1. Need the failing condition index for VAL90 against (1) assigned by TED's automatic domain parsing to the domain that holds LEU242; (2) farther than 25 Å from ILE208 by Cα, just the number.
2. Taking the stretch 161-172, which residues are touching a helix residue (DSSP H, G or I) at 6+ places or on another chain (Cβ under 6 Å) and assigned to a loop (DSSP other than H, G, I, E, B)?
3. Name the strands (runs of 3 or more DSSP E) wholly inside the stretch 173-289 in which the number of residues that are under 15 Å from GLY155 (Cα atoms) is 3 or more.
4. Yes or no: ILE142 surrounded by 15 or more Cβ atoms within 10 Å (Cβ to Cβ), of a type in the set (Val, Ile, Thr), in contact with a helix residue (DSSP H, G or I) (Cβ under 9 Å, 6 or more places away or on another chain) and more than 30 Å from LEU235 (Cα to Cα)?
5. Could you list all residues from the stretch 183-207 that are over 30 Å from ALA55 (Cα atoms) and not polar (S, T, N, Q)?
Amino acid sequence: MKQMNKKNRNSRKKSDNRNYRNNANRKGNSNPVRESLYQSPDMQVVEGRHAVREALLAGTRRIHEVVISDGVDNAPILEDIQNLAEELRVPLHFLPKTKFKAVTITESAQGVLAKCEPLPSLELEDLIEGSQNPFILVLDGIMDPRNLGAIIRSGECAGATGILLPKHRSVRITPTVAKTAQGAIEHIPIATASGIPKAISRLKELGIWTIGMDISAQTDIYDIKVATGPIALVLGSEGKGLGRLTRERCDVIAGIPLHGVTESLNVSAASAIGCFEIARQRRSIAEHD
């Protein structure tokens, strides 16, 4: 999103959903075991202690296996993971440290991964159904998996009820996204749409007010009364911000006032600010009802 990161001062990290062979090469050579594991359409691998524990706790999808590296520390969270796996009768296996490292994708898997069923495939309407006051994050073209993971995490913490991603030109839910989200992907529904501008039009038909966030906005997010009904917060890509059609179809465009020298915020930081402003207003209204 244009407003959300320094103007081309830092090189963009490559998305890890494009070609897992790149990750294998980064670690030294191609690894057929890793490639078959992470490219399987019937399997989604979650790495990292918090992400694995939340996958076990949530109970929203089947966990096929938990794998722990030999020689890891005796942190309480690892004991929790082992106890949960045993309670849920999830197979638990241990691998030598070198073999474990050879099959992981993220930079630091923290000595544990889980082989899971893929997250359910959802459509836009699934995010609305059953929600009394929807609060949806619409993400148009986020390419950095760490940004997407951080946005999902802060959105879930702020009370967002759903995430909408485009089917193309966006990072998917990868091991890095899942690890960065710290388990939030297990607790918030994530849907995809063929096109974000068309999806925004559909949201408006369903009675959801749409706020696009962009640095060029003339209105501050703090000045918009956003908490009285269903709402969607729309954020654009790291490099270009909101696309023209996406911007045109939003009900209002809002920005974040900046008071320092740096000219913009990272998209995940801007998303957190927008989400928690909506949460603040909703809480304030609830307290006065």
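1. (1)
2. Of everything in the stretch 161-172, just one residue is touching a helix residue (DSSP H, G or I) at 6+ places or on another chain (Cβ under 6 Å) and assigned to a loop (DSSP other than H, G, I, E, B), namely VAL171.
3. Filter on the stretch 173-289 gives 231-235.
4. So ILE142 does not fit the description; no.
5. PRO197, LYS198, ILE200, ARG202, LYS204, GLU205, LEU206, GLY207
The values are calculated or read from the model by the stated rules, or taken from the named source; none is laboratory data. Since this is a predicted model, take the numbers as computed values, not measurements. So basically every Cβ, Gly included, is an ideal-geometry build from the backbone, and we count neighbours across all protein chains shown.
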